[in-house]
1. How much of the accessible area of the stretch 329-387, probe 1.4 Å, is carbon plus sulfur, in whole percent?
2. Could you pull the accessible area for LYS426 with a 1.4 Å probe, rounded to 10 Å²?
3. Hey, with R₀ at 60 Å, roughly what FRET efficiency would SER124 and SER388 work out to, going by the Cβ-Cβ distance, to 0.05?
4. In what sequence, largest accessible area first, do GLU302, GLU85, GLU342 appear using a 1.4 Å probe?
5. Keeping all protein chains in place and using 1.4 angstrom, which order do ARG129, ARG401, ARG53 fall into by accessible surface area, from largest down?
6. Pairs of Cα atoms under 8 Å, at least six residues apart: use those to get the relative contact order of the stretch 286-420, whole percent.
7. Go through the stretch 422-438 residue by residue and turn each phi into a ³J(HN,Hα) via Karplus (6.51, -1.76, 1.60, θ = phi - 60°); whole Hz please, and just put x for glycine and proline.
8. Given H placed on each backbone N at 1.01 Å, which residues far from VAL84 in sequence or on other chains put an amide H within less than 5 Å of it?
Amino acid sequence: MGSGVGGAVVDTVAGAAESPKEYEHPIFRLQPKEDDGSRTAGLFRYQAEAAARFCLAMLTQESIDYVVCEWHEDFVIAFSDGAVELVSVKHRQHDQGAWTIPQLCKDGGLAHLFDRWLGCGRASNMRLRLFTSAALNPARDNARGLAKMCGPDPELTVGRDAMVRAVARQLLKVRWKQPYDNIPETPVVKVDDIVLPEGFVDQVDGFLVVLAIDHDQSPDHSITDTNIQQFLLPAIARLELDQVDTEATYRDLVNRIEKANRDESDRGQLAAHIVDPSRVLHDRQMQARIARRRLHRDTVLEEFVYQRTAVPTYARGQVPIDAPGGARLGRKLARGQVPSDEAAHAERLRSAWYVAWSQQRSGLAGDAAALENLKLEVADTVFECRGSAEEEAAPGAAYGRRMNQLLAQQLTPEAMSARPPFKVNKLHLRGLAYQLADDCLFYFSEPFDASAEGAS
């Protein structure tokens, strides 16, 4: 999707590298104004499906960091380099005809986007996108021509100055009946007679440079087909996932986005202003609101629905190989008096995990965090099993074998909330546990120097 989903280079918060918060664009410290008015269910669904397109793109594109629903616009795309793109979604019935420039400015969201852009300080790293289900008037001096004149490298440049002035006058006309804080009021006259305020043309010119207009002339259901065929299926192939129920996965993802769109307990008219960093409580409330609406890569993966089939320990085409290391694990199992055949099986499972992780991980930046989350859950379960085994054993007696039995019972995918970037079974999880033991994160007995030669 690349530049097709919109890219930008963003201004970042001063000192962000030293801040304990995530690398964050200032827009997420600027409170959005809430929009009033009723929307149809069709609009909500189309809006969620538009957001789903970019959420699915996160699975294959490292450039997209996360998506925040209903923030300033219908959603905001945050990029890993700190860039943001505000996206306005406009659902329009096809019997209403193609968009014209006056309609785009009034009902198509351009005035709204323009006002938001000005209100956010016209940050050089902020881009804007209008995503609509309707066609654009094909005339060169009308809506389709406008779309071709947008962006930093416009497809069409002839007549662009006249287009900028035409859009500027339409935005000022919209302001006569709709209140916008950042669009100046002008006297009500014929559109061609509107006197453009000083500097306003330059503002509109800059607005078109950071704007993209996406339009779809196909029937409404095509966004579903397009998202599944062009974004979901490639993600499944890229992540090498097996037995994914594509229709159920897509449906659950869209439902999750709709929930994020609605999940707001304190709707009200909010003043647009930069939050004072000294107002710690307010800042925490702001971060909590964003967190409820933020969708990360892991959030998307959580919505994947799998058909009920067994997950093989070795995927088709994988060759079993011995994992490096293993001596410390063997010594720990021996000290805990785990039988030699069970110890040999533990080493085979450790190798199975090594092969699965080496060959099936996605290779994207989120892998490290996904693995760390899984390690934490596996280790936590291990310590619970060890505690139970110790309680069952007589004072001073070995408990390693019982601990190993409890691991086989409790380390299951169903018991884990964290997910690796590929489907695993219980043998993979035990293999990971044995790898953690080899890494000296836990023992099957009282701790000892398992690195020493001949330790037993």
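The values are calculated or read from the model by the stated rules, or taken from the named source; none is laboratory data. Predicted, not measured: the structure shown is a model, and the values here were computed from it. Cβ coordinates were reconstructed from backbone atoms using ideal geometry, including for glycine residues, and neighbour counts include every protein chain displayed. Quick note on the areas: whole protein, heavy atoms, side chains included, nothing else; ligands and nucleic acids left out. Shrake-Rupley method; radii C 1.70, N 1.55, O 1.52, S 1.80 Å.
1. C and S fraction of accessible area: 51 percent.
2. LYS426 exposes around 100 Å² with every protein chain in place.
3. 0.55
4. GLU302, GLU342, GLU85
5. Numbers: ARG129 10, ARG401 115, ARG53 45 Å².
Ranked list, largest accessible area first: ARG401, ARG53, ARG129.
6. Relative contact order comes out at 29 percent.
7. Couplings: 7, 6, 10, 10, 5, 5, 4, 5, 5, x, 5, 4, 5, 5, 5, 5, 5 Hz.
8. The list, which skips near neighbours in sequence, is PHE79, ARG127.
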